[in-house]
Amino acid sequence: MEKGNPRDAMEFRSTPPPPAGDLAANVAWLRDRTLIADLYDRYAYGVDSIDMALVRSVFHPDCVVIGTVQQGPLDEYLAGIEQGLAKYHATMHFKGNQYIELEGDRAFVETWVVGYHMEAPGSPIDHLKLGLRYRDEVARFDGEWKITRREASLQWHTGPFPRPALGEPPYSRKTLKSNETG
């Protein structure tokens, strides 16, 4: 987590569209932006359903993550996320402003997120709401965009963060597999 004012590290980075007359460049620009934005939709869906295979699919295997509570290699980070998510009755993540700076097969993406972490009815712990900013480096591998480095910055929160340990929750969260439905 950053020290001081979270706005201090803000730097607007977004690539303008190609010239209007260059149809091929515009289609490629729009396609890349859509595929990159889809990473964050899949990530949020995977996190909220605890479908860790879906979450993993947005990251390159060698991705290093600097998170709000821990940092390190992808496997350790994802194990920590899965363990933490299972303690909540439900979560819901919303993607807000997103800025994409494209440069060939590489991009920088800054995404603002609000995450709701809901406790079970009757829990003595308040719900947690987080405002986060992801600053990610992404790259194209065999035509597919992947996050290669993530830095998550806590912007604000209400409720306890991190969640206090009160033992196992009185409910179970089902972990989904990517191929399951319903």
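The values are calculated or read from the model by the stated rules, or taken from the named source; none is laboratory data. Quick caveat, the model's predicted, so the values are computed rather than measured. Here the Cβ is made from the backbone with ideal geometry for all residues, glycine too, and neighbour counts use every protein chain on show.
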Among the residues of region 30-53, are any among the acidic types (Asp, Glu) and closer than 20 Å to Pro162 by Cβ?
yes
Matching residues, region 143-172, being of a type in the set (Gly, Ala, Ser), surrounded by fewer than 16 Cβ atoms within 10 Å (Cβ to Cβ) and at pLDDT 90 or above:
Gly143, Gly159
When the residues of region 125-142 are narrowed to those that are among the acidic types (Asp, Glu) and within 20 Å of Asn97 (Cβ to Cβ), which ends up surrounded by the most Cβ atoms within 10 Å (Cβ to Cβ)?
Asp136
Unique residue being surrounded by 15 or more Cβ atoms within 10 Å (Cβ to Cβ) and of a type outside the set (D, E, K, R) when the list is Val58, Val27
Val58
The helices (runs of 4 or more DSSP H) lying wholly within region 1-99 that contain at least 2 residues that are closer than 18 Å to Ala139 by Cα and without any contact (Cβ under 8 Å) to a residue 60 or more places away in the chain are 23-49, 52-56
Of everything in region 123-154, what is within 17 Å of Arg42 (Cα to Cα) and acidic (Asp, Glu)? Give them in sequence order.
Asp136, Glu137, Glu144
Which residue pairs have Cβ atoms under 7 Å apart, sit 6 or more places apart or on different chains, and have a first residue in region 127-143 that is touching a residue at least 12 places away in the same chain (Cβ under 8 Å) and acidic (Asp, Glu) and a second that is surrounded by fewer than 20 Cβ atoms within 10 Å (Cβ to Cβ) and part of a strand (DSSP E or B)?
Asp136/Arg149; Glu137/Phe108; Glu137/Thr148; Glu137/Arg149
All but one of (1) of a type outside the set (Asp, Glu); (2) over 18 Å from Asp41 (Cβ atoms); (3) without any contact (Cβ under 8 Å) to a residue 24 or more places away in the chain; (4) surrounded by fewer than 15 Cβ atoms within 10 Å (Cβ to Cβ) hold for Ala120; state the number of the condition that does not hold.
(3)
In region 30-53, how many residues are surrounded by fewer than 18 Cβ atoms within 10 Å (Cβ to Cβ) and of a type in the set (A, V, I, L, M)?
4
For region 21-37, indicate whether the set of residues that are at pLDDT 95 or above and within 19 Å of Ala152 (Cα to Cα) is non-empty.
yes
Hey, among the residues in region 105-146 that are assigned to a loop (DSSP other than H, G, I, E, B) and touching a strand residue (DSSP E or B) at 6+ places or on another chain (Cβ under 6 Å), which one's nearest to Gly67 (Cα to Cα)?
His127
